[in-house]
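Scroll down for the structure; my scribbles are underneath it.
All of the numbers you see were taken from the coordinates with simple rules; none came from a lab. Only a predicted model underlies this, so the values are computations on that prediction, with no experimental measurement involved. When we count neighbours, we look across all protein chains shown, and the Cβ atoms used for this are built from the backbone with ideal geometry, even at glycine.
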Amino acid sequence: MQKEYRFLLSCLLTTLVLFIHCDQGGTKKVAGSGDYTDLVALFKEFRELQKPKMQNGVPDYTAAAMAEQRGGLKGFQNRLMVMDISAWSVPNQAEFHLVRAEMNGLEFYHRVLKPWSRDPGFYLQSQGGAGPTRYGVLRVRKIPIPSEDMDEFRIKLRAIPEIFEQAKVNLTEGAADLVLLALHYMDEEKEIYRRLSKLLETFHPEYVADAQRALAAVEDYEVWLKENQGKMTAPAGVGIDNYNWWLKHVHLLPYTWDECMDIVMHEDYRMMTILELERNRNRHLPELKPVETQRQHRRRRDQSLRFVMEFLKEEDILTIPDYLDIESYLHRGPLAGPEEWPRETDFFDQTGDREPLPEQTHEFIGHHFDHQRHNRDESPIRGTDRFYAIDMIRSEGWAFWLEEMLMHAGYLDDRPRRGREIVYLQAAFRTCRAVADLKMHSNEFSLRDAIDYCVECAPNGWLLEDGYHVWYEMQTNLRFVGWHMGMVVGKVQFSKLFRDRVKQLGDEFNLKTFVNEFLEAGMIPISLIGWEMTGLEDEIETLVETK
């Protein structure tokens with residue numbers, strides 16, 4: 001696949017559309033219901049609430065539409081909270097709390113985040129992280145566009161100019177740092193439509209004018225943002241009290257901002273201490289050299305993926321299903337197609353070019369396997385996509401945990417000894433990002449402060465100040481509250497669950513059984529997984545208090 005085609009895979013040809021008119025369903029009652037099927041029905045109905053109200057491809061984010069939806073949300077929350085779940089199984093009760101968390105997520109978006117009125121990037125195709133759901137997102141996966149997709153493509157492409165016109169009206173509470181982010185990504189936004197226009201010239205010339213009008217609308221929006229930037233001065237951080245509410249009621253995390261900061265700092269102390277011990281132990285060994293050619297890079301990456309698969313099987317760490325296929329990951333997944341080379345080396349390029357195994361394990365076993373498994377989960381609630389990034393602490397904590405824990409399990413034993421330093425270097429950098437997350441939302445750091453802090457904090461000076469990594473990571477911190485904090489704290493939370501299970505089972509503990517049970521629980525918060533696996537209620541009891 002040519003580079004232009006691959007680029008188009010990431011082009012989102014309609015804005016992220018999240019919210020719709022609430023129908024009369026929001027006023028129904030299920031008073032005292034104790035039936036799990038009622039929960040499933042309510043969840044499906046609530047999912048309909050979150051679909052976009054569209055007119056000619058344009059979602060309605062106006063103040064009136066948002067007020068109407070927030071009123072409908074309250075009806076759904078009331079219906080949920082009158083359900084009697086005391087006789088339900090623990091897994092069914094866990095799904096009740098999953099539905100409750102999603103409703104709370106929508107409440108938080110209305111009450112605090114309000115991206116439709118605070119975040120100019122909410123309306124940009126390049127900012128796929130601006131919204132909590134995937135409704136209405138059109139990804140062009142084939143050129144020429146299949147005939148069955150053509151009507152939707154045409155409608156949504158032609159809607160782009162009107163979306164930006166609505167944005168100019170809706171953005172009444174703009175946050176200064178979110179404006180900076182939107183302007184930073186504006187060149188990427190314009191490039192989407194330039195490349196799209198070029199491809200359409202060959203395959204669908206009748207839509208070139210529509211793509212050019214979309215580009216003109218982006219350029220006009222950029223001018224408008226710059227002219228109005230001085231009026232958008234609100235803080236982007238949510239504040240500590242809101243951060244605590246979000247963690248408890250949406251992510252079902254039993255820790256506060258202060259406790260998360262303590263966990264992150266203790267992990268930082270640990271990582272930096274062990275890193276220096278490793279360096280001292282390895283002081284007589286040659287430094288790891290980064291790959292020098294694209295061919296060498298690809299060969300070492302592919303070898304790492306195959307090695308970790310064999311290691312997991314041989315060491316009986318988890319069950320590898322037949323559908324976890326390296327070739328499809330390399331040739332049809334996120335690594336498909338030729339890479340740019342030579343390239344600018346940012347932090348994870350520096351580490352991965354020296355020892356690729358930890359990063360490839362994180363992405364392939366940690367994330368790709370998770371997605372493949374979740375796509376096969378047919379359960380009506382936990383098998384659906386998680387909105388409001390409710391799975392992010394579980395997902396990132398697990399993937400991050402794999403890097404260090406598999407090292408302790410031996411997967412670096414037969415590789416150059418300094419590869420262990422890479423594990424700790426990556427972990428140390430992640431604590432930098434976690435601190436930036438916490439301090440941006442306590443409003444101690446501005447976006448610029450956070451970027452500067454991460455550049456200074458990152459080991460070896462390997463983080464590029466204006467590189468892709470730091471800008472992407474700080475925008476995910478602001479838009480998905482707790483993302484990089486959650487990676488560090490999620491790893492610790494997973495270790496706590498590991499410890500709890502070992503103490504319960506003693507000599508009967510089996511690593512493979514434990515990991516398989518954890519993964520089979522699905523993409524839900526670790527507090528719920530732990531409750532299901534151990535029966536311990538120490539975490540869930542702190543999360544079910546009334547708001």
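Miscellaneous remarks
- Positive minus negative residues near residue 412 (Lys, Arg vs Asp, Glu; Cβ under 12 Å): -3
- Anchor residue 168: aspartates and glutamates whose Cα lies under 16 Å away (excluding residues fewer than 8 positions away in-chain): 60, 119, 219, 220, 222, 227
- Against the rule of thumb 2.2 N^0.38 Å, how large the Cα Rg of the chain comes out: 0.98
- Computed [θ] at 222 nm, helices only, for the chain once each DSSP H run of length n ≥ 4 contributes -39500 (n - 2.57): -19000 deg cm²/dmol
- Counting other Cβ atoms within 10 Å as a rough exposure proxy, the listed residues 491, 44, 190 run 44, 190, 491 from fewest neighbours to most.
- Taking a Cβ cut-off of under 12 Å around residue 281, the surrounding Lys, Arg, Asp and Glu residues balance to a net charge of +2, with basic ones at +1 and acidic ones at -1.
- Per-residue Cβ neighbour rank within 10 angstrom, fewest leading, 341, 257: 341, 257
- Proximal charge balance of residue 169 [Cβ under 12 Å; K/R count +1, D/E count -1]: -2
- Sorting 401-409, 55-63, 294-302, 506-514 by their mean Cβ neighbour count within 10 Å, with the most densely packed peptide first, gives 401-409, 55-63, 294-302, 506-514.
- More than 36 Å apart - percent of Cα-Cα pairs taken over the stretch 254-522: 12 percent
- Listed cross-link partners 289/512; 44/156; 44/226; 74/496 are compared with a 31 Å cut-off, the Cα-Cα value being larger for 289/512; 44/226; 74/496.
- Ranked list, fewest to most other Cβ atoms within 10 Å of each Cβ, for 126, 446: 446, 126
- For the stretch 228-241, backbone phi angles converted through the Karplus equation (6.51, -1.76, 1.60; θ = phi - 60°) give residue-by-residue couplings of 9, 4, x, 8, 9, 10, 5, x, 8, x, 8, x, 5, 4 Hz, Gly and Pro being listed as x.
- The stretch 41-119: relative contact order as a whole-number percent, Cα under 8 Å and 6+ apart: 33 percent
- Greater than 19 Å apart at Cα, pairs in 248/503; 51/190; 51/142; 114/190; 114/231: 248/503; 51/190; 51/142; 114/190
- Taking the convex hull of Cα positions in the stretch 57-96, its mean projected area over all directions (nm²): 4.3 nm²
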